[in-house]
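Have a look at the structure below before the remarks.
The values are calculated or read from the model by the stated rules, or taken from the named source; none is laboratory data. What you see is a predicted model; the values in this text were computed from it and never measured. We place every Cβ from the backbone using ideal geometry, glycine too, and count neighbours over all the protein chains shown. Quick note on the areas: whole protein, heavy atoms, side chains included, nothing else; ligands and nucleic acids left out. Shrake-Rupley method; radii C 1.70, N 1.55, O 1.52, S 1.80 Å.
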Amino acid sequence: MLDPKLLRTEFDEVAKHIGRRGLSLDKKRFSELEEQRKNLQVETEDLQGQRNKNSKLIGQAKSKGEDASEILAAMEKINQSLKTNETKLEVLLSEIQTWMLELPNLPDSSVPDGSTEDDNQEVRKWGEIPSFDFEVKDHVDLGESLGGLDFETAAKITGSRFVTMQGGIAKLHRALIQFMIDTHTAEHGYEEVYVPYIVNAQSLTGTGQLPKFEEDLFKLNHENDYYLIPTAEVPVTNIWRDRIAKEEELPIKYVCHTPCFRSEAGSYGKDTRGMIRQHQFEKVEMVQLVKPESSWHMLEELVNHAEKILQKLNLAYRVVALCTGDLGFSSAKTYDIEVWLPAQNTYREISSCSNFLDFQARRLKARWKNTATKKTEHLHTLNGSGLAIGRTLVAVLENYQDKDGTIKIPEVLKPYMHGLDKITKEK
RNA sequence: GGAGAGGUGGCAGAGUGGUCGAAUGCGGUGGUCUUGAAAACCAUUGACUCGUAAGGGUCCGGGGGUUCGAAUCCCUCCCUCUCCGCCA
């Protein structure tokens, strides 16, 4: 959520920044609502003040045994207007609140303008694009012929956009998770956390998935408003909802592996083949809650942490800065990391690292006590995939394939593979 | 699933239908004392919100109700704990 004060005092400036996302703000409507709100609020609070005073007077009078009927008569009037005022104010506040919750974050000035992913800006490249002296197979062909990936069986068990894995590939998949968590905890200073995979609507509102993007989520048929998590970001960031951090606790850096569930509504034609776009996938997520002054620096670090995984796996990648049109709802700036996929002969997104500034923190009421100012202030939140496991598996399969369709195990994963250094056909 | 108990400030823990944003203790902060520290003593210490300010308003698990007035009474939901059952 944007700072309401900023909206009140610098509306045009806010509108200009939001305009870069291709949205226009209705200034007239907002100032009307605000005007009404202000008057109504002042009036209501004044009435409440009168009520409080009179109630005390009544109490005093009664304890002395005096007659209070005059004050009681006055109270009747006050309470009548108070009731109508309070009702009006409540309606107005919820209208303003709804409007505020659907406003996206302001893009940082360093975010390139643009409308589609074609306008994203390449920041850097790393690694050698591998060359093969045979015709490369994609991960579907490789996985299916090795007997380790099975989309049909998953479709039978559930439906489309799911997969089952077996044997060496299943082990490799799990190895990737362990390797990433170990790297981030041992080398990058993250604390490992475990969280629920089902969350309530409040948590999703906190990180910004609700109220606008409900169709992207799997909602449970349960009496409470429960949803499957679309990313670990939701439960992990919400650890700090309604909490105030001490300064010495900062920065807070969590790493967490969870499955992610996405309905992928509106992407029916896209990436229907293979593991690129599934309803269920694993992800290792890095989440940070930091002092405002450090968040831009921390974003750069966060990207580096994600990159480190690809470097250790020796997978070629590039980092791009998302343009205003591609930027997520809650994000002020996002870097995507795209890994090289030989079979597609292109880079594909494997990580997304964002600085949300205080946008999520304001929704979450995630705050810290600033010892210098002695004030309670909003934290800044960041997160990034480190990395998406399914897509990393795809990248390893395709980049580490041999002519005979077997897969070499990357050096850094060998400790996790219990002696296996090559994936061959399952029996 | 059955039976019971309870949710109060950073924590622990009082609380009455009225002057209670709330005793007390711990913790935190500042100070006195001390070479320094501890102890002791004194003071101070919740969050949110409107307002330039003065000064208001809101918050005792969430929501609703009764009342002139609710932390206190009623309803409802959520959560926690104990016992039983079941289970991983």
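For region A:33-41, what does the Karplus curve 6.51 cos²θ - 1.76 cosθ + 1.60, with θ = phi - 60°, yield as ³J(HN,Hα) per residue in whole Hz, taken in order and with x for Gly and Pro?
Working through the residues one at a time gives 4, 5, 4, 4, 4, 4, 4, 5, 5 Hz.
For the pairs A:Lys88/A:Lys365; A:Lys16/A:Lys291; A:Lys246/A:Lys414; A:Lys212/A:Lys374; A:Lys125/A:Lys212, flag any whose C-alpha to C-alpha distance is greater than 31 Å.
A:Lys246/A:Lys414; A:Lys212/A:Lys374; A:Lys125/A:Lys212
Please compute the Kirkwood hydrodynamic radius over region A:269-427, one decimal place, Å, based on all pairs of different Cα atoms. Intermediate results must be reported in sequence, preceding the final value.
Values: mean 1/r = 0.0567 Å⁻¹.
It is 17.6 Å.
On a 29 Å Cα-Cα criterion, which of the cross-link pairs A:Lys5/A:Lys83; A:Lys62/A:Lys83; A:Lys312/A:Lys427; A:Lys5/A:Lys53 come out too long?
A:Lys312/A:Lys427; A:Lys5/A:Lys53
Computing the accessible area with a 1.4 Å probe over protein heavy atoms, can you report the carbon and sulfur percentage for chain A?
47
Based on alpha-carbon centroids, what's the gap between region A:230-291 and region A:13-41 in Å, whole number please?
About 31 Å separates the Cα centre of region A:230-291 from the one of region A:13-41.
If one computes P(r) from the Cα atoms of region A:91-160, what percent of pairs lie at distances over 15 Å?
Value for region A:91-160: 79 percent of Cα pairs lie more than 15 Å apart.
Note down the relative contact order for chain A as a percent, whole number, built from C-alpha pairs under 8 angstrom at least six residues apart.
Reported relative contact order: 20 percent.
Where does the charge balance sit around A:Ala201 when Lys and Arg score +1, Asp and Glu -1, over other residues with C-beta under 10 Å from its C-beta?
Once positives and negatives cancel, what remains is -1.
Could you order the peptides A:374-382, A:354-362 from most to least packed, using the average number of other C-beta atoms within 10 Å per residue?
Result, highest mean Cβ count within 10 Å first: A:354-362, A:374-382.
To the nearest 20 Debye, how big is the dipole of chain A about its Cα centre, given +1 on the beta carbon of each Lys and Arg and -1 on that of each Asp and Glu?
I would put it at about 940 debye.
Viscosity 1.002 mPa s, temperature 20 °C: what is the translational diffusion coefficient of chain A from Stokes-Einstein with a Kirkwood Rh over Cα pairs, rounded to a whole number of µm²/s?
So the translational diffusion coefficient is about 88 µm²/s.
If you line up the Cα atoms of region A:26-101 on their principal axes, what length do they span on each, largest first, in Å?
Largest first, region A:26-101 extends 57, 19, 14 Å along its Cα principal axes.
Determine by what factor the alpha-carbon radius of gyration of region A:388-427 differs from 2.2 N^0.38 Å, reporting the quotient.
My calculation over the Cα atoms of region A:388-427 gives 1.15.
Determine the dipole magnitude for region A:26-101: charges of +1 sit on the beta-carbon of Lys and Arg, -1 on that of Asp and Glu, nothing else is charged, the reference point is the Cα centre, and the result goes in debye to the nearest 20.
120
Positive end of the charge dipole of chain A (Lys, Arg +1 and Asp, Glu -1 on Cβ, about the Cα centre): tell me which of A:Thr237, A:Leu327, A:Leu146 has its Cα farthest that way.
About the Cα centre, the residue reaching furthest to the positive side is A:Thr237.
Taking only protein heavy atoms into account and a 1.4 Å probe, give the accessible area per residue of chain A in Å².
Using a 1.4 Å probe on heavy atoms only, each residue of chain A averages 50 Å².
How high is the FRET efficiency between A:Glu152 and A:His418 when r is their beta carbon distance and R₀ equals 30 Å, given to the nearest 0.05? It would help to have the intermediate numbers written out before the result.
On the way: r = 29 Å, r/R0 = 0.96.
For R0 = 30 Å, the calculated efficiency reads 0.55.
Rank by packing, highest mean first: peptides A:4-10, A:337-343, A:176-182, with packing defined as the count of other Cβ atoms within 10 Å averaged across residues.
Per-residue mean Cβ counts within 10 Å order the peptides as A:337-343, A:176-182, A:4-10.
Mind checking which of A:Leu47, A:Thr258, A:Ser31 is farthest towards the positive end of chain A's charge dipole, using Cβ charges of +1 (Lys, Arg) and -1 (Asp, Glu) about the Cα centre?
Of A:Leu47, A:Thr258, A:Ser31, it is A:Leu47.
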